[in-house]
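Remarks on the structure that follows.
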Amino acid sequence: MKLITVLCSIVLATLLPCFAFADTNTITIPDTNYHQTQTTTQIEIDSLQQSLATTTTDTTSMYPMSPERKAKLISYSRFNNIWRFVNFFVTIGVLCVILFTGFSARLRNLAQVAKKRFFIIWLFLILFLITDYILNFPFNVYRNFIVESDYGFMAQTFWQWWGEDLLGFAIGCVTTIIPVWFFYWLVGKFRRWWLLFSLGAIPFAVFFIIIAPVVISPLFNDFQPVSDKTLETKLLNLASKVGIEGADVFEVNASKQSTKVNAYVTGLFGTKRIVLFDNLIKNFSPDEIMFVMGHEMGHYVMHHVWWGLLVAIMFIMFSLWLTDKTIHPIIHKFRKRFGFDKLNDIASLPLVMLFLTVIMFFFQPITNGASRIMEHQADIFGMEVTGVSGETAAKAFDKLSVFNLSDPDPPAIIEFWFYSHPSLKKRMEFVRNYKKATK
Ligand SMILES: [Zn+2]
């Protein structure tokens, strides 16, 4: 978890409610990164895409899965499982270095040239984020560029990837200033700052969810109406059938960054939209796409963006409350090393991030559990509304596993702790039996 993501998700109080068809790390802004490589898989994918340009058959070198791809899937999912822990300790380690060396206090002294409190906070925030970015950089490159390249997902050169990564970083620096300033203003004035911050975050988060799809996402990708007009008509018919009038359905050129496939729903009010990856349209049959879209429309109709926001706000309130209850003795104990003696000091920001990272890590089964419930509801909705067979729906899940190298049957503890979606094996079993049960 990159710190920017922690900042964006916790401080912005949003977790960017965005309900995708499957877990991949290509949804959030800073993590959309890929590149062209000469590995065999990349060649495989290139030839796949060429063959798909002329024919829509799904019997390709990628699907059904070859034994080589199966081996690759297992190694990729093992790597991901280990990385979740590595990443957690790296994030904490970096924050500890910044704190225990007194570097945070030094950055605060430096920022004080700005005189006015708001600008001191902003300057500190930027210096701190740059420090954090540099210290995390080797891990960032390794996970998001090298590993993605090795497994053949990357569709960008290093420079393209890094350019987008820096853009995400710059967006983080700009968008987090208001919440961070608001946080320190409340801490200085109110005892129940954690409650007020959580409530104050609601309008901010709503605003951010509204503008993100139209202001931020287009900086990374092009969003076009679906180019296949037959498919578009079918999608709009499905939308009006479920009561979504004037729906915005977009095709995004996600293949620019990665070969992974997905679809998601995000935004609120006028910016609410369903987005399909171009890779999904290229590689899935019309019926499979309809099921995926039925699932996405389920999120839309059942107001999951609002429910997601509610869960996020409750979670933030709890995390900040717990931080308030536990952080003061730590500050007191290490005040000499840290170079600050109260939470009210902006130099405490890395410590606050440290607490939130730890709390988020240990309590994420709660938010993921809530998410899995909503994903399951969306699966049911997709089956009901499209009337596709259980086999078709199961095939869509099977393809996801093959194209995204996602383990259909992860260890139970991993699913419980980290998965925002039920495992693909469970989803496949469910859709197969669901149709049988309702026949
Ligand atoms: Zn979903």
Ile313 away from the ligand (no atom under 16 Å from the Cβ) and either basic (Lys, Arg) or touching a Ser or Thr at 6+ places or on another chain (Cβ under 7 Å) (or both): yes
Segment 348-363 residues that are of a type in the set (Phe, Trp, Tyr), paired with ones that are assigned to a helix (DSSP H, G or I) and surrounded by 19 or more Cβ atoms within 10 Å (Cβ to Cβ) (beta carbon under 6 Å, 6 or more apart): Phe355/Thr323
Pairs where the first residue, in segment 259-284, is under 24 Å from Trp306 (Cβ atoms) and the second is among the charged types (D, E, K, R) and more than 16 Å from the ligand (Cβ to nearest atom), C-beta under 6 Å, 6+ apart: Arg273/Asp248; Leu276/Glu251
Residue in segment 379-392 that is crowded, with 19+ Cβ neighbours inside 10 Å, of a type in the set (Ser, Thr, Tyr), within 16 Å of the ligand (Cβ to nearest atom) and within 20 Å of Lys260 (Cβ to Cβ) present: no
Residues within segment 238-287 that are of a type in the set (Lys, Arg), within 26 Å of Val402 (Cβ to Cβ) and surrounded by fewer than 20 Cβ atoms within 10 Å (Cβ to Cβ), tallied: 2
Qualifying residue in segment 222-229 (condition: touching a strand residue (DSSP E or B) at 6+ places or on another chain (Cβ under 6 Å), more than 16 Å from Phe284 (Cα to Cα) and polar (S, T, N, Q)): yes
Filtered residues of segment 111-152 (kept if in a helix (DSSP H, G or I) and more than 28 Å from Phe89 (Cβ to Cβ)): Ala111, Gln112, Val113, Ala114, Arg117, Phe118, Phe119, Ile120, Ile121, Trp122, Leu123
Members of segment 325-341 found to be without any contact (Cβ under 8 Å) to a residue 12 or more places away in the chain and either closer than 20 Å to Phe190 by Cα or among the hydrophobic types (A, V, I, L, M, F, W, C) (or both), listed by number: Lys325, Pro329, His332, Asp341
Among (1) polar (S, T, N, Q); (2) more than 24 Å from Thr367 (Cβ to Cβ); (3) in a loop (DSSP other than H, G, I, E, B) - the single one Asn433 does not satisfy: (3)
Total residues in segment 406-419, condition assigned to a loop (DSSP other than H, G, I, E, B) and either in contact with a strand residue (DSSP E or B) (Cβ under 8 Å, 6 or more places away or on another chain) or among the acidic types (Asp, Glu) (or both): 2
Residues located in segment 336-351, provided they are surrounded by 14 or more Cβ atoms within 10 Å (Cβ to Cβ) and either within 12 Å of Ser104 (Cα to Cα) or small (Gly, Ala, Ser) (or both): Phe338, Gly339, Phe340, Asp345, Ile346, Ala347, Ser348, Leu349, Pro350, Leu351
Residue within segment 188-196 that is under 23 Å from Leu219 (Cα atoms), touching a residue at least 60 places away in the same chain (Cβ under 8 Å) and part of a helix (DSSP H, G or I) present: no
Yes/no for Ser217 being in a helix (DSSP H, G or I), of a type outside the set (A, V, I, L, M), crowded, with 19+ Cβ neighbours inside 10 Å and touching a strand residue (DSSP E or B) at 6+ places or on another chain (Cβ under 8 Å): yes
Matching residues in segment 62-92 - criterion: being of a type in the set (A, V, I, L, M) and either in contact with a strand residue (DSSP E or B) (Cβ under 6 Å, 6 or more places away or on another chain) or closer than 19 Å to Glu148 by Cβ (or both): Met62, Ala71, Leu73, Ile74, Ile82, Val86, Val90
Sole residue being within 20 Å of the chain's Cα centre (by Cα), assigned to a helix (DSSP H, G or I) and away from the ligand (no atom under 16 Å from the Cβ), chosen from Phe397, Phe403: Phe403
Test: residue in segment 418-435 that is of a type in the set (Gly, Ala, Ser), without any contact (Cβ under 8 Å) to a residue 40 or more places away in the chain and more than 16 Å from the ligand (Cβ to nearest atom): no
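Laboratory data are not the source of any read-out in this text; all were calculated from the coordinates shown. None of these values were measured; they are calculated from a predicted model. Note: ideal-geometry Cβ built from the backbone for every residue, glycine included; neighbour counts use all protein chains shown.
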